[in-house]
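The values are calculated or read from the model by the stated rules, or taken from the named source; none is laboratory data. Bear in mind the structure is a predicted one, so any value in this text is a computation, not a measurement. Quick reminder, even Gly has a Cβ in these numbers, built from the backbone with ideal geometry, and neighbours come from all protein chains shown. Side chains included, ligands, DNA and RNA excluded: accessible areas come from the protein's heavy atoms. Shrake-Rupley method; radii C 1.70, N 1.55, O 1.52, S 1.80 Å.
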Amino acid sequence: MKKQFAIIGLGRFGGSVTKELVEQGADVLAIDSDRTKADEFRDIATQVVIANATDEQVLRELDIPLYEHVVVAIGNDIEASILATLLLSEMGVKHICVKAETDHHEKVLKKIGAHRVLHPEREMGARLAHHLLSANIVDYIELSSQDTIIEAVATPSLIGQTIQDLNIRALYGCTIIAIRRQGRLMAAPQANEGIQAKDVLVLLGPKKAIYAFEKDFIAN
């Protein structure tokens, strides 16, 4: 079953999260009070709704409490951000991620129930999407519009296999450039290096190749 997310606010950050989640196969409900912004995502998000996310009745009509992950990416309207977060918290949403404008804004958000608060740059949208999709993703770095580095905890399907066994470069087009093991970094590991429990793999490659590898080996 696909993971389902609701994104409130389709500015630069919210739009980035939405695009990244959809690209990785997630179902996304995108919400914005601005018709122009909402229309930009008609052909991207699973569902797009023009709505006021500070209205409790609207949120309930959209079945927001059923979404495990909700991202509040409202722009400069701090009051709306706080009210939407408070409503989500009261509704019992399990994971609420919120974009904060200031340190004081962050403190308020945490007090009223935000589980994660971010002060994002553009690339943070992609990073958050990867963390939301899999708890095994330790870090995500977008090197360019095409190339990406991820750090991911080795899953049971990887443990015990060697790099040569996995044949990742040939099958996916990405490369294990390092392994973090017990606090030390093993750069350019040999083909016969076996993957152990708690290893963190550092992979480099095109975004599509990384996505394919994540889907097969890393995602929850």
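Rounded to a whole number, what % of the accessible area of region 18-74 do carbon and sulfur atoms account for, probe 1.4 Å? So the carbon and sulfur contribution to the accessible surface is 39 percent.
With contacts taken as Cα pairs under 8 Å and at least 6 residues apart, the chain reaches a relative contact order of 15 percent. Entry comment: accessible area of region 98-188 is 54 Å² per residue, from protein heavy atoms only and a probe of 1.4 Å.
Bridgeable lysines around Lys110 (alpha carbons under 22 Å apart, same-chain partners fewer than 8 residues away excluded): Lys94, Lys99. Taking label points 7 Å from Cα along the Cα-to-Cβ direction, Asp216 and Val58 give a separation of 4.4 nm.
Of the peptides 93-102, 133-142, the ranking by mean beta-carbon count within 10 Å, highest at the top, reads 93-102, 133-142. Loop-located trypsin sites (Lys or Arg not before Pro) in region 139-220 (DSSP state not H, G, I, E or B) with no more than 13 neighbouring Cβ atoms inside 10 Å: Lys198.
Principal-axis analysis of the Cα atoms of the chain puts helix 12-23 at an angle of about 50° to the longest axis. Ligands, DNA and RNA left out, the accessible area of region 97-207 computed with a 1.4 Å probe is 50% carbon and sulfur.
Ordered by packing density, taken as the mean number of other Cβ atoms within 10 Å over each peptide's residues, highest first, how do 27-39, 57-69 rank?
In descending order of packing, they fall as 27-39, 57-69.
When a/c is below 1.5 the answer is rounded, else prolate if a/b is larger than b/c, else oblate, so apply that to region 1-131 with a ≥ b ≥ c taken from the square roots of the Cα gyration tensor eigenvalues.
Rounded, since a/c falls under 1.5.
Axis angle, to the nearest 10 degrees, between helix 78-91 and the longest C-alpha principal axis of the chain: 80 degrees. What is the calculated FRET efficiency for Leu171 to Asp39, with r their C-beta to C-beta distance and R₀ = 35 Å, to the nearest 0.05? Here the calculated transfer efficiency is 0.35. In the context of the full set of protein chains, residues of region 1-64 present 50 Å² of accessible surface per residue (probe radius 1.4 Å, heavy atoms only).
The label-point distance for Glu68 and Ile50, in a model that sets each label 7 Å from Cα toward Cβ, rounds to 3.3 nm. Less than 23 Å apart at the alpha-carbon level, and either on another chain or at least 8 residues along: which lysines does that give for Lys207? Of all the lysines, those that pass the test against Lys207 - Cα under 23 Å, at least 8 places apart if same chain - are Lys2, Lys3, Lys19, Lys215.
Contact order for region 166-218, expressed relative to its length and based on alpha carbon pairs under 8 Å spaced 6+ residues apart, stands at 39 percent.
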